[in-house]
Each structure stands twice: as structure tokens, then as C-alpha cells.
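The block underneath contains the structure these notes are about, expressed in C-alpha cells.
The values are calculated or read from the model by the stated rules, or taken from the named source; none is laboratory data. Bear in mind the structure is a predicted one, so any value in this text is a computation, not a measurement. Every residue, glycine among them, receives a Cβ derived from its backbone with ideal geometry; neighbour counts consider all protein chains shown. All accessible areas refer to the heavy atoms of the entire protein, side chains included, with ligands and DNA or RNA removed. Shrake-Rupley method; radii C 1.70, N 1.55, O 1.52, S 1.80 Å.
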Amino acid sequence: MRLRRRIQLSTTAVLIVLLIITNTSIYFIFKNTTITSEINRLTNTLNNTVMELNKDSNSSMEQVLQAYLISDGMIRIVDRHNNPTIQATTTKDYLHIQSKYDDDQFEKVIQYKGYIFVMVSIPMINENGTIINLQVIENVDVLFDNINDLKWVLVYATIIVIIILSLTSRLLGRWISFPIQRLTETMNVIEKNGSYEKIAITHDTKDELTEMAMTFNRMIIRLEKSYSKQEQFVSDASHELKTPLTVIDSYVKLLKRWGKERPDILEEAINTIASESSRMKYLTEQLLQLAKSEEIIENEKETVNIVPIVEKTIQRLQQAFQHEIHYKNEQCEIHMNIHEPSFVQLLVILLDNAKKYSDHHIRVEVKEWKETVSILVVDKGIGIPLEAQAQVFDRLYRVDKTRSRKTGGSGLGLSIAKRIVEQHDGDITLESVEGKGSTFTVTLPKLEVK
Ligand SMILES: Nc1ncnc2c1ncn2[C@@H]1O[C@H](COP(=O)(O)OP(=O)(O)OP(=O)(O)O)[C@@H](O)[C@H]1O
Ligand SMILES: [Mg+2]
């Protein structure tokens with residue numbers, strides 16, 4: 001069933017039930033209060049009659065009853081054998097209404113010849129000491145006509161309201177489901193064209209549907225971004241690989257032509273081919289590394305003391321670097337849940353950059369906080385211009401392509417570092433001033449060992 005129809009049916013059904021319950025209650029409450037107030041009025045009349053009868057007056061019982069006779073009905077005295085002894089009536093016909101004796105006061109609604117009567121009876125003691133019933137019977141047909149009218153008014157009102165309701169709930173359903181329909185249409189367009197359409201949000205009502213459309217738009221923007229990043233990566237990667245391949249290809253052709261006669265060309269060609277192919281090897285290794293780091297499985301992580309790992313990595317690199325590495329750490333034990341090879345790789349990437357892009361010494365600092373550990377790699381090198389700082393973590397991005405080419409970079413190091421940090425639920429930040437140096441700070445969650 002469509003959402004629109006469901007909304008229409010459910011709202012109509014709930015409101016119909018509520019309407020019927022309310023109107024039926026109104027009808028019965030009105031009917032009961034009308035009858036009760038009538039009974040109270042008649043009881044009053046009877047009490048007054050009893051008082052008058054008990055008075056020592058000259059008037060006979062018939063006269064008293066006649067005096068208290070109501071506008072349409074009768075008043076009578078009934079003995080223990082259910083026989084009416086004295087009666088005063090407005091219409092002779094009422095005399096045939098069956099009489100009934102009871103020791104207690106009673107009230108009831110009776111029907112006689114299609115008319116409705118309310119009867120109230122109270123017991124009293126006669127002059128000769130016997131108990132009799134004083135009864136008043138009133139024709140309340142007019143009152144019941146009113147109650148009946150009310151019934152029909154309520155029935156018609158219910159029917160009219162139901163009709164209006166079913167029409168408005170139809171509009172309501174359409175109104176509520178309209179944005180969803182638009183969302184579905186946009187999704188269909190996206191599916192058909194493979195495009196990244198967004199849903200137009202016309203007004204800023206902060207309802208769930210607007211929120212849903214906004215979430216959808218955000219999702220589309222992210223998809224679009226990640227798709228274009230991927231596209232960019234593929235084209236960059238193929239371009240990066242194409243350059244060394246072209247160089248190798250042209251030198252091979254040169255070799256084929258002149259190689260045998262010209263030893264100088266032979267020498268140059270072999271050197272260039274060797275350097276280009278090792279660059280290509282490095283590039284493919286890095287690319288593979290990037291793909292592999294996505295496969296780190298959570299259960300490959302181990303809880304280890306990172307202090308000796310950091311120290312060992314620094315020592316190992318110090319031998320290969322000409323720059324001095326200053327290491328500062330006050331703790332001897334910091335336990336963390338890490339994938340050790342990736343963690344070491346992260347340090348190597350940052351230290352390798354610090355080495356490549358500076359001529360001065362490098363500083364490594366480990367700082368322990370309450371819940372995290374920060375590792376800072378500080379250099380006093382060429383720095384990174386402000387506008388490039390946001391991009392250095394992107395795949396294949398290099399600040400200065402010609403310069404980086406000389407230093408042999410592929411532009412993948414920092415993107416691998418970022419991925420590793422993310423896989424350890426951490427964060428990597430960069431502070432740098434062009435010409436003065438850079439500081440890369442890796443912050444990772446700590447593990448409390450008791
Ligand atoms: N410490 C640094 N000082 C100055 N520039 C830096 C530093 N670290 C990174 N960069 C800049 O950011 C760019 C991206 O760095 P990244 O490590 O990702 O690539 P790369 O060093 O060029 O190549 P590789 O993949 O071999 O690491 C570098 O090309 C360089 O321009
Ligand atoms: Mg690098």
C-alpha cells in the first residue's frame with residue numbers, strides 16, 4: 001500500500017473511532033442528565049404533596065392531588081395491592097397506566113401507547129396508619145423528541161465530518177508524501193544517468209523530511225567527491241607511471257639505433273633506464289602499500305610498549321641519514337594497541353620527509369596525555385606553503401613537482417601515513433611555515449595497563 005493511502009486510511013480510521021466515541025458519550029450523558037433532572041423535579045413535587053397531605057387542612061386528598069397535578073401527566077395513590085385508590089390526571093387515558101406498589105422509593109421510564117413517561121413513587125403513611133405509595137407520572141415525550149433530535153444532529157455531524165476528514169486526509173497524505181516522491185524521483189534520475197543530482201530544498205522547515213533530503217544531498221556530495229578523487233588518482237597514477245615508461249622507451253629506441261657505436265649513449269641510457277625503472281618500482285610498491293594498508297585487520301593489532309619501537313626505528317634510520325635525530329621522551333613505557341609494522345612505517349614516512357625536505361637536524365618528541373599519546377616530528381627545513389597544507393595528505397600530491405622529482409618522492413607517503421593513523425583511531429596534523437620548517441603531530445589513543 002502506498003504511503004499516501006496509508007496516511008489517509010489511518011488518520012481517517014482513528015478520527016472516525018474518536019468521533020463515534022465522543023458523540024455517543026455526548027448523547028448518553030445528555031439523555032441521562034435530562035432524565036435525572038426530570039426525576040428530581042418530580043420527587044420535589046411529591047415531597048411537597050406529602051407535606052400538604054400531612055398538614056391539618058380542610059381540603060380532601062383528591063383536592064390536594066388535584067392542586068399538585070403537573071401540566072401533562074397524573075398523580076395517584078396506590079395501595080399495597082397495586083390498586084390506585086385516588087387519582088388526579090390531565091388526560092383520562094393515563095388512568096389505564098398500570099400501577100405498582102413498592103415499599104421503597106423508585107423511579108422508572110415507562111412506555112404507554114407510544115408515549116414515554118417518567119414515573120416517581122415514594123412510600124407514605126396513610127391517615128389510618130397503612131403504608132401507601134404516592135406516585136407521579138409525567139409525559140416526557142417532548143423531552144425525548146429533543147433527545148432524539150440531538151441523536152440525529154450528532155449522526156449527521158459525524159457523517160459530514162467523516163466525509164470532510166477523508167478528503168482532507170487525502171490531501172494530507174499527498175502533502176506529506178510529496179517530498180518523499182521527489183526524493184525517489186531524484187534517486188531514479190541518478191540511477192538512470194549515473195549523475196550526482198541534488199534535491200532542491202526550497203524552504204527551511206526543519207522537519208524529518210527536509211533533514212532526510214539534506215542527508216541525501218550530503219551523501220551525494222561525498223560520493224561525488226570520492227568518485228572524482230578516485231578518478232583523479234587513477235589518472236595521476238597512470239600519468240606517473242607513463243612518464244618513466246616513456247623515458248625508458250625512448251632510451252631503448254636510442255640504444256637500438258646508436259647503442260652499439262656510441263658508448264657515451266650506451267652509458268647514459270643504461271643509467272637513465274636504471275634510475276627510471278627503480279623509480280617505477282618504488283612508485284608501484286608505494287601504490288601497492290596504499291592498497292594493502294586498507295586490509296589491516298583489527299585482530300592483527302597488538303598491545304605493545306611503543307617506546308622501544310620508536311627508539312629502535314630512530315636508531316635504524318640515523319645510520320642512513322646524514323642529519324642528526326634528536327629524540328625526547330620522558331616515559332619508558334607507553335602501551336598502545338597497534339599494528340606494529342604499520343606504526344613503524346608511519347614513523348619512517350614522517351622521518352623520511354623531514355630528512356628529504358630539510359638540511360638541519362630533526363627532532364622527535366613523544367608526549368603522553370591523559371588518554372592519548374602524541375608523536376611529533378619536527379624539522380627546520382623548507383616548510384610547506386599554507387595553501388598546500390590541506391592537500392599534502394592527498395594521494396600523489398607534491399608541493400613542488402620538479403623539486404620532489406629530484407628528491408625522488410611519489411607523493412604517496414603522507415596519504416599512507418594518514419590512512420595508518422585513521423586505522424588506529426588517531427589524528428595527524430601539520431603545522432608549517434614556509435622556509436622555517438614543519439611539525440607533523442600524530443595523536444593516537446593510549447591503552448591503560450594496570
Ligand atoms: N617535512 C616536510 N617539509 C616540507 N615539505 C614536506 C614535508 N613533508 C611533506 N612535504 C611536502 O608534501 C608532499 C607530499 O609528501 P609525501 O610524503 O606524501 O610525498 P613525497 O615525500 O613527495 O613522496 P614519498 O611517497 O616518497 O613520500 C611532498 O612532496 C612535499 O612537497
Ligand atoms: Mg614522503
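General remarks:
- Residues of region 83-123 that turn out to be assigned to a loop (DSSP other than H, G, I, E, B) and in contact with an Asp or Glu (Cβ under 6 Å, 6 or more places away or on another chain), as a count: 1
- One residue alone among 151, 229, 198 is within 30 Å of residue 97 (Cα to Cα), touching a residue at least 12 places away in the same chain (Cβ under 8 Å) and open to solvent by 70 Å² or more (accessible area, probe 1.4 Å), and that residue is 151.
- Of all the numbered requirements in (1) open to solvent by 10 Å² or more (accessible area, probe 1.4 Å); (2) farther than 17 Å from residue 441 by Cα; (3) near ligand 1 (Cβ under 7 Å from one of its atoms), residue 308 misses one, and that requirement is (3).
- Test: residue in region 356-379 that is hydrophobic (A, V, I, L, M, F, W, C), without any contact (Cβ under 8 Å) to a residue 24 or more places away in the chain and closer than 22 Å to residue 434 by Cα: no
- Matching entry among 37, 71, 57, 99 (being more than 19 Å from residue 123 (Cβ to Cβ), out of contact with any Leu (no Cβ under 7 Å at 6 or more places or on another chain), open to solvent by less than 60 Å² (accessible area, probe 1.4 Å) and of a type in the set (Gly, Ala, Ser)): 57
- Unique residue being within 15 Å of residue 313 (Cβ to Cβ) and either within 13 Å of ligand 2 (Cβ to nearest atom) or touching a residue at least 24 places away in the same chain (Cβ under 8 Å) (or both) when the list is 412, 350, 396: 350
- Criterion applied to 346, 350, 386 was being outside the structural domain of residue 279 (by TED's automatic domain parsing), more than 9 Å from ligand 1 (Cβ to nearest atom), open to solvent by less than 10 Å² (accessible area, probe 1.4 Å) and modelled with pLDDT of 90 or more, and the one residue passing it is 346.
- Residue 124 touching a helix residue (DSSP H, G or I) at 6+ places or on another chain (Cβ under 7 Å), at negative phi, in the same structural domain as residue 27 (by TED's automatic domain parsing) and not charged (D, E, K, R): yes
- Residue that is assigned to a strand (DSSP E or B), surrounded by 18 or more Cβ atoms within 10 Å (Cβ to Cβ) and either within 15 Å of ligand 1 (Cβ to nearest atom) or among the polar types (S, T, N, Q) (or both), where the choices are 399, 364, 373: 364
- Residues of region 265-283 that turn out to be modelled with pLDDT under 85 and either out of contact with any helix residue (DSSP H, G or I) (no Cβ under 7 Å at 6 or more places or on another chain) or hydroxyl-bearing (Ser, Thr, Tyr) (or both), as a count: 1
- Residues of region 26-43 classified as farther than 12 Å from residue 70 by Cα, without any contact (Cβ under 8 Å) to a residue 24 or more places away in the chain and not hydrophobic (A, V, I, L, M, F, W, C), total: 5
- Top-ranked residue in region 169-189 [being surrounded by 14 or more Cβ atoms within 10 Å (Cβ to Cβ) and of a type in the set (Val, Ile, Thr); ranked as farthest from residue 208 (Cα to Cα)]: 186
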